[in-house]
Amino acid sequence: MLERIEAIRAEAAGAVEGAGGSAELEELRVRYLGRKAELTSVLRGIAELPQEERGPVGGAANRARTELEALLEASAERLGASELESQLVTDRVDVTLPGAPPRPVGHPHLIARTTRLIEDTMVGLGYHVAEGPEIEHDYYNFTALNHPPGHPARMLQDTFYVQSHPDVLLRTHTSPMQVRSMEAKPPPIFVVVPGKVYRRDSDATHSPMFHQVEGLAIAAGLTLADLQGTLLAMCRALFGGDRELRLRPHFFPFTEPSVEVDVSCFQCGGSGELEGGERCNLCKGQGWIEILGAGMVDPNVLGFVEPHGYDPEQVQGFAFGIGVERVAMLRHGVPDLRRFFDNDVRMLEQFS
Amino acid sequence: MRVPYSWLREYCDPGMEPAALADRLVMTGTEVERIETVGPPSAEGFVVGKVVACEKHPKADRLSACTVDTGDGERPIVCGAPNVAAGQTVAVALPGATMPNGMKLRKAKLRGLPSEGMILAADELEVGEDHDGIMVLDDQLAAGTPLGEVMPLGEAVLEIEVTPNRSDCFGVHGVAREVHAISGAPLADDPWAEDAPADGDGEASDYASVAVEVPELCPRFTARVFTDVEIGPSPLWLQARLAAAGQRPINNVVDITNYVMLLTAQPLHAFDLDEVPGGELIVRTAGAGEKMTTLDGVERSFDAETVLVCDRNGPSGIAGIMGGQVSEVSAKTTRVLLEVACWNGTNILRTSRMLGLRSEASARFEKQLHPELCLRAQRIASRLLVELCGARMVPGTIDVAAEAPEPRRLTLRAARVGGLLGMTISQDEQRTYLERLGFAAEPEGEDLRVTVPPDRHYDVAREVDLIEEVARVHGIDEHLPTTLPATGEAVGGLSREQRLRRRAEDGLRDLGFDQVVGWSFTDPGEAERLRIPAGDARATPVLLANPLSEEQSAMRTTLLGSLLDIAARNVARGAGDLSLFESARVYLDGEGEFAGDRPSPVAEPHRLAAIGVGSLSQRSWRGGGEAADFFALKGIVEALARGLGAEVAFSPAEEPFLHPGRSAAVAVAGAPIGWLGEVHPLVCRAWDLDAAAAFELDLAPLAAAATLGEETYEDVTTFPAVYQDLAVVVPAAKPASAVREAILGAGGDLLQAAEVFDLYEGEQVGEGNKSLALNLEFRAPDRTLTDEEVAGLRDRIKAKLDEIGGTLRE
């Protein structure tokens, strides 16, 4: 019996060594170690052997079995590795084909993106964002902003009016929200008002529809110096940390004193000259770029909301209005206002 | 306003270069748009010459061969002017002189004859427009006299943009006072201080009368009469000044009225008194259909608010805007009536706009001038008429005036100045600035009692206006500190709806959509192109009374129109696939919800809308490129809603502009918030598009339904879920949502989700049927579900499906 076991072991070991593939190996495993294999029946029949044979035969059979199992496993590993290798070799792709396109992300409109930038800057300075109607009462757009009845801006040439109501118009600035905001909330008030505005003008530098962000701050003791600090912070956020401001006295009906605000040119650094001595084309050699209008809120305006807690002797403040298109044009070199409303995807996709 | 620098310096010489003065002016509130040099850049090479001899050029009929004494000797000059003649005193440019256009003059030969210079016409020096002939100068001038001593050459002109409140700066003298204020340089005596001698015959009222029927529109009308007027060209210095200021010289009388207007900002008008029958002038409003031909040769008709200056036969001039041809001063005029009046600014502005006629006079009157200014202008003009036209002034001034406004007296509180500006300006400084500007200022303790001069009456009416004056003269740029508000609201921020709107916009962008900004305007025909029927509210947009064009005359009631416009434009430019969205308002009948006491006149709901053209996914060698159809856009709406944590429902619904079988209403919490669908083929055709799908949603209800940011934790780890798939055969017409709702209803609380993941129609399920495959998720929050529990639920689902005509495929 022991010889037989050794013969099976030797035969099987030789066969496993010589096996050429994992399928053949599986076949050998079934033949030598399967349920119907001779070695298996030897082990199964041990109980029927005489007492003294049981130990040696059982031991030999188990050793043979363990040895064969180990041998099979080693061969399987060896064969599997080489088979995988040859399989991978045939399983090639053309790596030069384009990758599977993910859905490309869309693009924000430059006006929306610029508006958010201004909003976020002002939110950081403690302002809320308020939004008002675009179709507005004459009262909020002009009267309560200290425009006298015959003021040129009120003329049909400059302002769009609604057919059915002679006193209803398309707001010409975001400023009507000044009085609306003050009606809705007692001081202190710190708001910015983004939105569309409309003026009856259409050429390369005027669009009948454009966008503004209004700022309004009213509290006790606010000063023109505070306006300067606020605008400096905003302009630095928009145009760079080393920008400087210049306030030039001007005239607006709803602020007094009024100023126009220039920011130092961010292309030439305010020198008006580019490297090489050329005149800076952005500021036209001035070193300054006009960027917004502002001023201390006129007491007449506060007079319209005095019953809401805005006594011009008690509270004061400032307002400003900045053109979103102008900021976007300056920041991104857009040459013509009308491009913003053309919505050519070839332009839209330039800005992420 | 063009201010010739030499003219300005006659009243206040700041002792600085024009560019330096311009910088100062700009920083104190007077915008200088540019500095222009009128005439040659340098006076060098321009002299007075005497034409010694003048003969026809032998080879050219139109040229003359002249010999000119230019002080340094005689030289040959070929001249093309018809009026050149021997004996004339003329202006000569010598070789080496630079002409205004930059050309440098050289010795030359003209048709064979040598020419060493050029005899000048007025326009060649930019001292006038005359090019019909050379300028003939005063014979008293010696040959060789530098021309710069005779007339201004190389005149710097400051071009000033006057803000509407500063009517005084529409005159050179007003600008001079401003220069005085900001520089401290002395201001000359008022040019109106001295009047002309009145040595004419009789009294002004013997010659003329004025009746003002509309005193509220004509607060003052003054008139003087001049006899023995000799009409002729103005002296060169006057012509040159007018030319530099941008006015064409006409004749001495008209030039004087223009000159005085440019000096004082007060317009004047000269009548040929002999063309005013009986010397009778009547100021009244126009009658219906009344017409007149103005000085510019245009016949104009007036409305009932137009104020006219009339003679007894009819209109003789439009008040404050332009005179009429009937009484125009001409070569034969000998008697002049000089009108200096004050008009209602608002009325002048209105009439000027109505007529489309803006003049130098109306531009000043529309700012509202003070009645006091009339006599200033009368006095200066009278002196010039006497000096330059040989006129005799008839004694007396006809003066029809309503009551003049009281001078304003204001208190300027010291505390208020610093308190508003955030910088200190001493009382002495305040007083100095105000007095230089023409105000009277008397200290009263720390404060100042201020009287406003007439030419600032309408501009400076309150303490705050005085604060502005002292601030700007003091120098805001130079002195203002930079601070941030010490008080304020502690935190700023966006409202929840604003945050959610940003999230929605970002979501659409992340889903591949490009954001567009369309016009709020549309044309009234858009509704028809969108097949919106007449009764629909969207077919009756808010219309503009004064649109720029018919295409921009209505306010949009849907974002779809402009999305289609933009898509069509891009397709025409060669774009294939388009995914576009807009986040903007539409304008509908109703009231808007905005801050403020008065509701907004129109409802302005904020909408999110998107359009897909071609495919939303990119074609590649692996596939993709599926059409942007109903389900493509529905997937976007679902993803958008998921991003906000809002639950949206879809139900079949028709819109006139959508494919009737491929359109749905979108709802949150049972209320409709918009539509979704494939655009109707006829609508696509109207926009030249092959196909498109789109949606439009109201933002407010979507945001209100959003749970984003308000979610609470749900335990999903302690007790595992049981997942099962289910295939249901139902009649093809049965909506998937009905099947899903039936399953969810039967599954109860333990059925957490049931999502359709497959659709099959074909032989295996029989004609007229479809099979839906759903994935079910069962979970209990407090225990692990047993197989028996799930089996029980599945039986209930089966029974429920039976009720709606569905059978489970096992």
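Summary of values
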item: Residue pairs meeting the criteria (Cβ under 9 Å; at least 6 apart or on separate chains; first within 14 Å of chain B (Cβ to nearest Cβ) and without any contact (Cβ under 8 Å) to a residue 40 or more places away in the chain, in region A:86-107; second surrounded by 12 or more Cβ atoms within 10 Å (Cβ to Cβ) and aliphatic (A, V, I, L, M)); result: A:R103/B:L511; A:R103/B:L616; A:G106/A:L348; A:G106/B:L508; A:G106/B:L511; A:G106/B:L580
item: Subset of region B:613-649 that is in a strand (DSSP E or B) and among the small types (G, A, S) - its residue that is nearest to the chain's Cα centre (by Cα); result: B:S615
item: Filter result (within 37 Å of the chain's Cα centre (by Cα), buried (at least 20 other Cβ atoms within 10 Å of the Cβ) and not in a loop (DSSP other than H, G, I, E, B)) within region B:272-298; result: B:V283, B:M292, B:T294
item: Region B:723-756 - residue that is acidic (D, E) and in a helix (DSSP H, G or I) and, of those, surrounded by the fewest Cβ atoms within 10 Å (Cβ to Cβ); result: B:D749
item: Filter result for B:A65 (open to solvent by less than 40 Å² (accessible area, probe 1.4 Å), part of a strand (DSSP E or B), under 22 Å from B:L153 (Cα atoms) and not assigned by TED's automatic domain parsing to the domain that holds B:A245); result: no
item: Count of residues meeting criterion [out of contact with any helix residue (DSSP H, G or I) (no Cβ under 9 Å at 6 or more places or on another chain) and either surrounded by 13 or more Cβ atoms within 10 Å (Cβ to Cβ) or at pLDDT 95 or above (or both)] in region B:688-722; result: 4
item: A:T174 vs. criteria in contact with a helix residue (DSSP H, G or I) (Cβ under 8 Å, 6 or more places away or on another chain), open to solvent by less than 10 Å² (accessible area, probe 1.4 Å) and assigned to a loop (DSSP other than H, G, I, E, B); result: no
item: A:F190, sole failed condition from (1) among the aromatic types (F, W, Y); (2) more than 7 Å from chain B (Cβ to nearest Cβ); (3) within 23 Å of A:D311 (Cα to Cα); result: (2)
item: Options B:A639, B:A575, B:A627, B:A632; residue that is touching a helix residue (DSSP H, G or I) at 6+ places or on another chain (Cβ under 8 Å) and either outside the structural domain of B:F521 (by TED's automatic domain parsing) or closer than 30 Å to B:S737 by Cβ (or both); result: B:A639
item: Hits in region B:650-692 - residues which are in contact with a Ser or Thr (Cβ under 8 Å, 6 or more places away or on another chain) and either basic (K, R) or part of a helix (DSSP H, G or I) (or both); result: none
item: Residues that are open to solvent by 20 Å² or more (accessible area, probe 1.4 Å) and either more than 7 Å from chain A (Cβ to nearest Cβ) or under 17 Å from B:P605 (Cα atoms) (or both), drawn from region B:548-566; result: B:S549, B:E550, B:E551, B:D565
item: Residues being assigned to a loop (DSSP other than H, G, I, E, B) and open to solvent by 10 Å² or more (accessible area, probe 1.4 Å) - total across region B:161-179; result: 5
item: Matching entry among B:L580, B:L608 (being more than 9 Å from chain A (Cβ to nearest Cβ), assigned to a strand (DSSP E or B) and more than 27 Å from the chain's Cα centre (by Cα)); result: B:L608
item: B:E44 vs. criteria surrounded by 14 or more Cβ atoms within 10 Å (Cβ to Cβ), of a type in the set (D, E) and closer than 21 Å to B:Q140 by Cβ; result: no
item: From the options B:R248, B:R241, residue that is outside any loop (DSSP other than H, G, I, E, B), outside the structural domain of B:L125 (by TED's automatic domain parsing) and open to solvent by 20 Å² or more (accessible area, probe 1.4 Å); result: B:R241
item: Strands (runs of 3 or more DSSP E) (entirely within region B:346-460) containing at least 2 residues that are more than 14 Å from chain A (Cβ to nearest Cβ); result: B:398-401, B:440-444, B:447-451
item: A:L156 being of a type in the set (A, V, I, L, M), open to solvent by less than 10 Å² (accessible area, probe 1.4 Å), facing another protein chain (nearest Cβ under 9 Å) and assigned to a loop (DSSP other than H, G, I, E, B); result: no
item: Answer from A:D311, A:D298, A:D344 - the residue that is facing another protein chain (nearest Cβ under 10 Å) and free of Cβ contacts under 8 Å to residues at least 60 places away in the same chain; result: A:D344
item: Cβ-Cβ under 6 Å pairs, at least 6 apart or on other chains, region B:510-521 side at the interface with another protein chain (Cβ under 7 Å from one of its Cβ atoms) and open to solvent by 10 Å² or more (accessible area, probe 1.4 Å), far side assigned to a loop (DSSP other than H, G, I, E, B) and hydrophobic (A, V, I, L, M, F, W, C); result: B:D510/A:V105
item: One residue from B:V571, B:V542 being at pLDDT 95 or above, open to solvent by 20 Å² or more (accessible area, probe 1.4 Å) and within 7 Å of chain A (Cβ to nearest Cβ); result: B:V542
item: Total residues in region B:584-613, condition at positive phi and buried (at least 20 other Cβ atoms within 10 Å of the Cβ); result: 1
item: Pair list, Cβ < 8 Å and 6+ apart or interchain, from region B:151-165 residues that are within 14 Å of chain A (Cβ to nearest Cβ) to residues that are open to solvent by less than 30 Å² (accessible area, probe 1.4 Å) and assigned to a strand (DSSP E or B); result: B:I160/B:V3; B:I160/B:V32; B:E161/B:V32
item: Cβ pairs under 8 Å, 6+ apart, first in region B:17-34 and within 11 Å of chain A (Cβ to nearest Cβ) and outside any loop (DSSP other than H, G, I, E, B), second among the hydroxyl-bearing types (S, T, Y) and open to solvent by less than 60 Å² (accessible area, probe 1.4 Å); result: B:E31/B:T163
item: Subset of region A:70-85 [in contact (Cβ under 8 Å) with a residue 24 or more places away in the chain and more than 15 Å from A:G18 (Cα to Cα)]; result: A:E83
item: Tally, over region B:611-641, of residues that are among the charged types (D, E, K, R) and either away from every other protein chain (no Cβ under 11 Å) or within 30 Å of A:A184 (Cα to Cα) (or both); result: 4
item: Among the residues listed as B:I256, B:I250, the single one being free of Cβ contacts under 8 Å to residues at least 24 places away in the same chain and among the β-branched types (V, I, T); result: B:I250
item: Tally, over region A:135-153, of residues that are part of a loop (DSSP other than H, G, I, E, B), more than 8 Å from every other protein chain (Cβ to nearest Cβ) and touching a helix residue (DSSP H, G or I) at 6+ places or on another chain (Cβ under 7 Å); result: 3
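The values are calculated or read from the model by the stated rules, or taken from the named source; none is laboratory data. Note that this is a predicted model, so its numbers are computed, not measured. Using ideal geometry, Cβ is built from the backbone for each residue, glycine included, and neighbour counts are taken over all protein chains shown. When the accessible area is computed, the model is the full protein with side chains, heavy atoms only, and any ligands, DNA or RNA have been set aside. Shrake-Rupley method; radii C 1.70, N 1.55, O 1.52, S 1.80 Å.
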